[in-house]
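Since the structure comes first, as structure tokens, the remarks are kept for the end.
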Amino acid sequence: MNAASGSPEPGANVQRSIGIGRNQGPIGAIGAADAMLKAAHVILVGRECVGAGYVTVIVRGDINAVRTATEAGAAAARPRRRTCFARRDPEPHEQVEKILPGGSAVLANIK
């Protein structure tokens, strides 16, 4: 871990876990993303507006950081009853990379 930037060293063994949180409305999504990023060392990959006012936020990092981040994001949105679900995938298949925002470009930065 690079002490100055807080980011993993190049070549560090970082797992490719993804965390996904779906919220109702952009305000709930912003609050959830903020809580996710403050709770753990994860990278915000992107957000997707999926229709009917729902917004999905996607983060990446090692499995423990993603677990902590998704739990924090769900907890932040829970008082407003805006969280639809939070999901973690500890080791997504390489084909999944093709449909994620940023795809392999994001993965190259965290390997």
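The values are calculated or read from the model by the stated rules, or taken from the named source; none is laboratory data. Nothing here was measured: the structure is a model prediction, and the numbers come from that model. Here the Cβ positions follow ideal geometry from the backbone for every residue, glycine too, while neighbour counts run over all protein chains shown.
Residue check, residue 49 against (1) at pLDDT 90 or above; (2) part of a helix (DSSP H, G or I), all met but one. Which one?
(2)
Just name the residue that is nearest to residue 20 (Cα to Cα) out of those in the range 52-93 that are out of contact with any helix residue (DSSP H, G or I) (no Cβ under 8 Å at 6 or more places or on another chain), in a strand (DSSP E or B) and not aromatic (Phe, Trp, Tyr).
58
For the range 43-60, which residues satisfy the criterion of being over 15 Å from residue 26 (Cα atoms) and touching a Pro at 6+ places or on another chain (Cβ under 9 Å)?
The answer is 45, and nothing else.
If I filter the range 52-71 down to residues being of a type in the set (Gly, Ala, Ser) and buried (at least 21 other Cβ atoms within 10 Å of the Cβ), which single residue comes out as nearest to residue 100 (Cα to Cα)?
The qualifying residue nearest to residue 100 (Cα to Cα) is 61.
Taking residue 53 as meeting all but one of (1) touching a Leu at 6+ places or on another chain (Cβ under 9 Å); (2) more than 15 Å from residue 33 (Cβ to Cβ), write down the number of the exception.
Failing condition for residue 53: (1).
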